[in-house]
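Inspection log for the structure reproduced underneath, given as structure tokens.
The values are calculated or read from the model by the stated rules, or taken from the named source; none is laboratory data. Being a predicted model, the structure only gives us computed values, none of them experimental. Here the Cβ positions follow ideal geometry from the backbone for every residue, glycine too, while neighbour counts run over all protein chains shown. For the accessible areas, the whole protein counts, side chains as well, though only heavy atoms, and no ligand, DNA or RNA atoms are used. Shrake-Rupley method; radii C 1.70, N 1.55, O 1.52, S 1.80 Å.
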Amino acid sequence: MTLADVPTKVVYSRPESLDDRVTHYCPGCTHGIAHRLVAEVLDEMGIVENTIGVASVGCSVFSYNYFNVDFVEAAHGRAPAMATGIKRVYPDHFVFTYQGDGDLASIGMGEIVGAASRGEKITVIFLNNANYGMTGGQMAPTTLPGQKTTSSPTGRDVNRQGYPIQTAELLSTLEGASYVVRRSLHNSREVRRAKQAIRTAFEVQKAGLGFSLVELLSTCPTNWAMTPVEAREWVEERMIPVYPLGDYKVSAAVAALKK
Amino acid sequence: MTKQLIKGNTAVAEAALRAGLEAYFGYPITPQTELLEHLSARMPELGRPFVQAESELGAINMVYGAACTGKRVMTSSSSPGVSLMMEGLSYIAGTEVPMVLVDVVRGGPGLGNIAPAQGDYNQIVHGGGHGDYRMIVLAPASVQEAVDLTALAFDLTEKYRTITTIMMDGSIGQMMEPAELPPFQPLKEEVPDWAVRGAKNGEKHLLTSINLDAPAQEVMNVRLMTRWEEIEANEVRWKGYYLDDAEYVVVGFGTAGRISLSAVRAAREQGIKVGLLRPITLAPFPAEILNELTEKVKAFLVVEMNAGQMLEDVRLVVRGRKPVEFFGRMGGVVPFPDEVLTEIKRLATEPLTTEGHPRDRWLARLRETLG
Amino acid sequence: MPAKGYIEVNELYCKACQLCVTDCPHDVLALDMDHLTPKGYHPAHMVNPEACTGCGICAVVCPDAAITVYRYDRQKAEA
């Protein structure tokens with residue numbers, strides 16, 4: 001019997017809720033992985049037709065083109081506020097934002113803290129790649145000390161330019177936040193764990209248990225001036241020590257859910 | 001229905017509720033906070049969403065999100081808070097979703113004060129946020145008118161997918177007058193085709209204001225302008241007093257218009273044939289009636305509680321055919337009727353000119369008054 | 001050892017980032033230097049198909065969801 005005669009089963013395929021379009025993301029950019037994971041979770045939970053996404057401003061400004069899901073486009077930083085508006089009038093729908101580090105941790109800091117502290121029942125997918133990607137690699141609130149960017153050309157000087165913001169830790173102090181975790185996308189094991197976290201975050205929303213956020217350490221090969229493979233190593237060696245992976249806030253209700 | 005003695009802010013809030021307001025997102029700022037406070041109690045009573053946002057910036061973006069669902073949404077603020085909302089308003093205009101904004105105007109610029117003013121005219125009537133867009137602007141002069149214009153605001157914004165702003169002077173927001181509130185309208189059951197509500201049967205809805213392809217953006221801009229032409233043709237509203245035989249016409253909106261009415265009546269008693277044109281829609285501007293009056297009258301007097309903002313729109317229509325004079329108080333100072341009467345008498349007795357700028361002449365007189 | 005699975009790379013999506021090539025535990029994949037996708041990339045393809053276990057790691061790390069992973073169902077075949 002040749003291989004051609006052996007029946008096969010599909011173990012992994014492109015998720016249905018991911019649009020057919022080729023993305024504009026750079027080769028190796030982990031935005032693509034994050035999109036794929038969200039699409040897989042929406043498919044597996046069967047909530048595609050009941051979900052409204054809020055796109056933000058950054059490399060992912062066109063994220064709405066890549067999901068077969070209703071979407072709105074927020075102004076820079078304002079996605080959590082827009083999501084609040086939508087979720088309050090449509091409490092039975094699934095509402096999520098997809099934001100980068102400039103959008104969420106810089107211009108949008110007021111909105112994310114507001115949404116988290118109010119316990120808005122939304123899910124935030126937060127991509128942290130330590131720079132402002134879309135605009136060409138400037139320093140972000142998440143840029144590491146000493147890291148060279150186009151607006152910290154000699155390396156981030158903490159005396160003049162301050163220290164990075166650890167978003168998961170920051171938001172975890174808020175009573176209104178129910179599930180705040182940090183995962184990474186830099187190898188297959190972490191990608192699988194990231195998917196589980198994204199699934200949990202949407203389950204938190206399904207159970208009406210409050211604000212959920214998954215911070216995803218991501219690569220930016222182009223602006224870091226590395227190959228995609230080198231960029232993943234940089235995440236492991238440089239980012240994880242500053243942004244440790246883990247569960248920063250799991251409310252009692254969410255913990256009970258996971259059992 | 002019976003009238004009740006009610007504060008402007010509260011009346012507008014209640015009128016919005018009865019017009020089928022489905023969600024309100026706002027932030028406290030004097031002199032409109034009563035509107036937010038009233039809704040903070042009433043919206044939960046009716047099971048409708050109310051959020052006091054982290055800032056006006058948060059509030060306008062919450063409105064943006066909810067507006068994308070096609071439901072009736074509103075926010076309210078005052079001058080400095082409205083400045084914060086300009087980005088959001090531009091986005092909402094660029095996405096062509098409906099919403100109602102209430103701006104209760106206070107003295108400025110900057111932190112200013114909490115006294116009534118009309119200094120937001122340029123910001124509100126000429127767009128305010130970036131890009132080419134207009135908002136429909138309604139200017140009530142009494143609590144009852146504010147109530148009546150509230151329901152109209154929701155109807156207009158939905159009909160034209162154009163932001164509708166009720167621009168009230170701080171005085172209208174704060175004063176208490178007898179007013180009749182309308183009966184409750186039921187909440188809308190259907191949402192418009194364009195609204196996001198979940199991609200059922202693979203039908204996806206996308207609302208965005210981005211148009212990287214410039215020619216495509218231009219097509220959108222033309223669409224907005226075509227819609228504005230329709231609004232200009234159909235939605236102009238104004239009220240005229242003693243215009244039929246008027247030799248002089250005072251032009252004033254909101255509280256300035258109302259104060260001017262007292263002055264106009266007093267002037268009439270003194271035999272001066274003066275009338276009042278009180279725009280109710282500042283955008284679309286009542287250009288046609290103003291144009292008609294230009295042919296008939298000897299001169300205009302524009303009265304505002306600012307440094308002469310609507311003045312420029314009046315001058316544009318009049319085009320130097322007749323003299324246009326100006327009287328204003330700024331910074332939250334509210335003029336008295338006798339101040340306007342003095343100006344009317346000056347119009348009727350002193351030589352007038354179409355040369356120079358009326359603002360310069362007014363400022364010189366104001367400096368003398370202030371000493 | 002006969003292959004336990006195989007993969008297909010949709011070359012319309014593949015951007016030759018090489019994450020799959022690097023992560024494959026059995027060195028099954030490499031970029032096809034003799035071929036260009038419509039976007040001008042050398043797509044990933046199987047060079048050691050007999051070593052493929054159908055583990056799916058390539059698909060898990062692919063940022064463009066370009067990979068479909070199949071496993072042979074020999075039990076079904078032998079049944």
Every listed condition ((1) more than 14 Å from chain C (Cβ to nearest Cβ); (2) open to solvent by 10 Å² or more (accessible area, probe 1.4 Å); (3) touching a Lys or Arg at 6+ places or on another chain (Cβ under 7 Å); (4) under 15 Å from A:Phe126 (Cβ atoms)) holds for A:Val214 save (2)
Counted residues in segment B:205-251 being under 21 Å from B:Cys68 (Cα atoms), in a loop (DSSP other than H, G, I, E, B) and away from chain A (no Cβ under 14 Å) come to 0
Of (1) open to solvent by less than 10 Å² (accessible area, probe 1.4 Å); (2) of a type outside the set (A, V, I, L, M, F, W, C); (3) within 11 Å of chain C (Cβ to nearest Cβ); (4) touching a residue at least 60 places away in the same chain (Cβ under 8 Å), A:Tyr98 satisfies every one except (3)
When restricted to A:Ala116, A:Ala83, the only residue part of a helix (DSSP H, G or I), within 8 Å of another protein chain (Cβ to nearest Cβ) and open to solvent by less than 10 Å² (accessible area, probe 1.4 Å) is A:Ala83
Scanning segment B:140-179 for residues that are assigned to a strand (DSSP E or B) and open to solvent by 10 Å² or more (accessible area, probe 1.4 Å) gives B:Met176, B:Glu177, B:Pro178
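Which residue out of B:Thr342, B:Thr354 is in a loop (DSSP other than H, G, I, E, B), open to solvent by 60 Å² or more (accessible area, probe 1.4 Å), modelled with pLDDT of 95 or more and among the hydroxyl-bearing types (Ser, Thr, Tyr)?
Every option except B:Thr354 fails the conditions.
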The residue that is farthest from the other protein chains (Cβ to nearest Cβ), considering only those in segment B:61-84 that are more than 18 Å from A:Ala74 (Cα to Cα) and assigned to a helix (DSSP H, G or I), is B:Ser79
Going through (1) touching a Pro at 6+ places or on another chain (Cβ under 9 Å); (2) touching a residue at least 60 places away in the same chain (Cβ under 8 Å); (3) facing chain A (nearest Cβ under 10 Å); (4) open to solvent by less than 10 Å² (accessible area, probe 1.4 Å) one by one, B:Glu22 fails only at (4)
Quick count over segment B:44-75, residues being over 24 Å from the mean Cα position of the chain (by Cα) and among the basic types (Lys, Arg), is 1
Review point. Is there a residue being more than 8 Å from chain A (Cβ to nearest Cβ), touching a helix residue (DSSP H, G or I) at 6+ places or on another chain (Cβ under 8 Å) and buried (at least 24 other Cβ atoms within 10 Å of the Cβ) anywhere in segment B:41-55?
Key: no
Quick count over segment A:32-53, residues being more than 7 Å from every other protein chain (Cβ to nearest Cβ) and either under 13 Å from the mean Cα position of the chain (by Cα) or assigned to a helix (DSSP H, G or I) (or both), is 12
Test: B:Pro80 is in contact with a helix residue (DSSP H, G or I) (Cβ under 6 Å, 6 or more places away or on another chain) and closer than 26 Å to A:Gly108 by Cβ: no
Counting only residues in segment B:93-143 that are in contact with a Lys or Arg (Cβ under 8 Å, 6 or more places away or on another chain) and of a type in the set (S, T, N, Q), the one farthest from the other protein chains (Cβ to nearest Cβ) is identified as B:Ser142
For helices (runs of 4 or more DSSP H) lying entirely in segment A:129-222, having 2 or more residues that are touching a Cys at 6+ places or on another chain (Cβ under 9 Å), at pLDDT below 95 and among the charged types (D, E, K, R) picks out none
Q.
Would you confirm whether or not segment B:289-304 contains a residue that is open to solvent by 10 Å² or more (accessible area, probe 1.4 Å), under 28 Å from B:Ser79 (Cβ atoms) and either under 19 Å from the mean Cα position of the chain (by Cα) or among the acidic types (Asp, Glu) (or both)?
A. no
Considering residues that are open to solvent by less than 60 Å² (accessible area, probe 1.4 Å), assigned to a loop (DSSP other than H, G, I, E, B) and at the interface with another protein chain (Cβ under 7 Å from one of its Cβ atoms), the number found within segment C:4-58 is 6
Margin query: Going residue by residue through segment A:2-25, is there one that turns out to be open to solvent by less than 60 Å² (accessible area, probe 1.4 Å), within 14 Å of C:Val61 (Cβ to Cβ) and aliphatic (A, V, I, L, M)?
Written below: no
Expected output for segment C:20-43 (first residue more than 21 Å from C:Ala3 (Cα to Cα) and modelled with pLDDT of 95 or more, partner open to solvent by 30 Å² or more (accessible area, probe 1.4 Å) and not in a loop (DSSP other than H, G, I, E, B), Cβ below 9 Å, 6+ apart or cross-chain) is C:His35/C:His45; C:Tyr41/C:Leu31; C:His42/C:Leu31; C:Pro43/C:Val9; C:Pro43/C:Leu31
